[in-house]
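So the structure is just underneath, and the comments pick up after that.
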Amino acid sequence: MLTPTLPGWKVETVGDDIAWMKFDASGQLYAINPENGFFGVAPGTSTDSNPNAMATMTKNTLFTNVALTQDRDVWWEDMTKTKPSQLTDWKGHPWTPAQKTPAAHPNARFTVPISQCPSIDPSWEDPKGVPISAILFGGRRANVVPLVYESLSWNHGVYIGASVASEQTAAAEGKIGSLRHDPFAMLPFCGYNMGDYFSHWINLGKKFEKKGKLPKIFGVNWFRKGKDGKYLWPGFGENMRVLEWVFERTEGRGGKEGGVIGWVPPVQGEGGVRLEGLKGIDVGELVKVEKEEWRKEVEEMREYTKQFGERLPKEIVEEMDGLERRLKQ
């Protein structure tokens with residue numbers, strides 16, 4: 001539901017959560033959204049962060065565990081720049097901004113028909129689906145992982161998906177700063193061994209690679225921080241600038257450099273991420289690859305994947321070995 005900031009770009013929505021994908025006879029990958037509605041986390045959603053979501057839920061919407069205003073409207077944290085002076089919190093108790101507890105539950109939800117979304121794609125209900133030319137995987141990382149990088153091959157892209165992880169941000173989740181692995185962002189939803197799931201992706205590549213239409217795979221990280229602890233990238237609608245580079249790469253255009261962990265946008269010259277209108281953005285810092293930190297990433301990934309035993313595809317091991325070799329060069 002991105003609202004692009006770059007002139008000339010339009011983003012249309014097929015879904016916000018699940019994609020069911022399959023190849024057609026020609027080898028083109030298509031995806032459908034099997035859901036009829038959005039089911040999203042309310043806190044953090046606002047006209048600044050997601051204006052299309054806010055416009056979608058103006059009617060026919062169910063809210064759970066949100067706060068209520070005095071006129072019986074809904075409210076949650078970060079919905080407005082100014083907090084209401086009085087609310088009924090998600091437990092049914094009176095609430096004011098002076099209280100330390102949140103008014104809405106951190107996992108408060110909304111559910112609403114997709115058909116109400118102003119950016120809905122006309123083909124969102126087409127049973128054939130929409131063609132896929134790129135797949136993006138990403139976790140929430142304060143360092144190490146660059147803003148965007150392109151896989152060197154299909155198997156390398158599978159490895160990028162398999163290595164998705166985010167840093168713990170709350171003590172309740174585990175040690176703060178430690179990695180929580182979520183391969184392909186599918187760990188809670190995969191009903192069988194993840195090692196077999198990796199194999200499934202690798203086998204799809206083997207089956208359809210000769211057709212020449214495999215989508216490119218990218219890793220993204222919107223959450224990299226600088227030494228001052230502040231985010232290096234503004235995110236939200238500005239992410240269109242990164243997606244523009246992704247589109248260019250899928251069309252055989254756009255520049256690239258690096259090749260150690262994957263291809264990253266050029267820091268200087270043409271073919272990189274357009275920055276017109278943005279101030280204080282250091283692309284070099286955003287796509288910097290610190291080899292020693294990435295060596296630790298490989299070691300950590302080797303340790304994580306031990307749990308899959310013999311069901312870990314040899315191709316994943318080969319990708320770890322290849323990454324380790326490139327880091328030594």
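The values are calculated or read from the model by the stated rules, or taken from the named source; none is laboratory data. Since the structure is predicted, the reported quantities are computational estimates derived from the model, not experimental observations. Cβ atoms come from the backbone with ideal geometry, glycine included; neighbour counts cover every protein chain shown. Ligands, DNA and RNA are excluded from the accessible area calculation, which covers all protein heavy atoms including side chains. Shrake-Rupley method; radii C 1.70, N 1.55, O 1.52, S 1.80 Å.
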Full-extension gain in nm, ARG326 to ASN193, via 0.36 nm per residue minus C-alpha separation
44.9 nm
Filtered hits (aspartates and glutamates, Cα-Cα < 15 Å from LYS81, offset >= 8 within chain) -> ASP48
Which residues make up the longest stretch of the chain clear of chymotrypsin sites (Phe, Trp or Tyr not before Pro) that lie in a DSSP loop with no more than 10 other Cβ atoms within 10 Å, not counting the sites?
1-188
Förster-model FRET efficiency, 45 Å R0, LYS207 and TYR231, C-beta, rounded to 0.05:
0.65
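If I take R0 = 41 Å and measure r between the Cβ atoms of GLU303 and GLU248 in this structure, what FRET efficiency does the formula 1/(1 + (r/R0)^6) give, to the nearest 0.05?
Values: r = 36 Å, r/R0 = 0.89.
The calculated FRET efficiency here is 0.65.
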What number results when the radius of gyration of the chain, computed over Cα atoms, is divided by 2.2 N^0.38 Å?
1.07
Considering the Cα trace of the range 1-69, what is its radius of gyration and what is Dmax, both in angstroms?
15.7, 54
Residues of type aspartates and glutamates that LYS291 reaches as a straight line, Cα spacing below 13 Å, ignoring anything fewer than 8 places off in the same chain
GLU299, GLU324
So what's the range 58-211 giving for Rg/Rh, alpha carbon basis, Kirkwood Rh from the mean inverse pair distance?
1.07
Taking protein heavy atoms only, a 1.4 Å probe, and rounding to whole percent, the accessible area of the chain owed to carbon and sulfur comes out at 51
Is any residue of the range 4-43 close enough, with backbone N under 11 Å, to a label point placed 7 angstrom from the Cα of LYS81 along the Cα-Cβ axis, and if so, which?
none
Rounded to whole angstrom, the alpha-carbon centroid of the range 35-73 lies from that of the range 274-297 at a distance of 34
Please list, or write none, the lysines whose alpha carbon is within less than 22 Å of the alpha carbon of LYS216, excluding same-chain residues fewer than 8 places away.
LYS10, LYS22, LYS128, LYS206, LYS207, LYS256, LYS288, LYS314
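In deg cm²/dmol, rounded to 500, what helix-only [θ] at 222 nm does the chain give when every DSSP H run of at least 4 residues adds -39500 (n - 2.57) and the total is split over its residues? The partial results should precede the final answer.
Values: 7 runs with 76 residues, N = 329.
When only DSSP H runs of four or more count, the value is -7000 deg cm²/dmol.
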Accessible area in the full protein assembly, largest first, 1.4 Å probe, for ASP89, ASP24, ASP71:
ASP71, ASP24, ASP89
Round to the nearest 10 and report in Å² the accessible area of THR58, as given by a 1.4 Å probe over the protein chains' heavy atoms.
110
Any chance you could check the Cα centroid distance between the range 231-264 and the range 85-124 for me, in angstrom?
33
Comparing VAL66, VAL148, VAL164 in a Gaussian network model of the chain (Cα, 10 Å), the one with the largest mean-square fluctuation is VAL66
Charges only on Cβ, +1 for Lys and Arg, -1 for Asp and Glu: so what's the dipole of the chain about the Cα centre, in debye to the nearest 20?
280
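Evaluate Rg over Rh across the range 157-307, taking Cα atoms for both radii and Kirkwood's formula for Rh. Can you show the working numbers first?
Numbers: Rg = 17.3 Å, Rh = 17.7 Å.
Using Cα coordinates only, the ratio equals 0.97.
From the Cα trace of the range 251-329, what convex hull volume per residue do you get, rounded to a whole Å³?
Numbers: hull volume 11.2 nm³, N = 79.
Spread over its residues, the Cα hull of the range 251-329 gives 141 Å³ apiece.
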For LYS59 and GLN116, extending 7 Å from Cα along the Cα-Cβ vector and measuring point to point gives, in nm, a value of 0.9
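Convex hull over the Cα atoms of the range 233-281, averaged projected area in nm²? Write out the running numbers ahead of the final one.
Details: hull surface 15.3 nm².
Averaged projected area of the range 233-281's Cα convex hull equals 3.8 nm².
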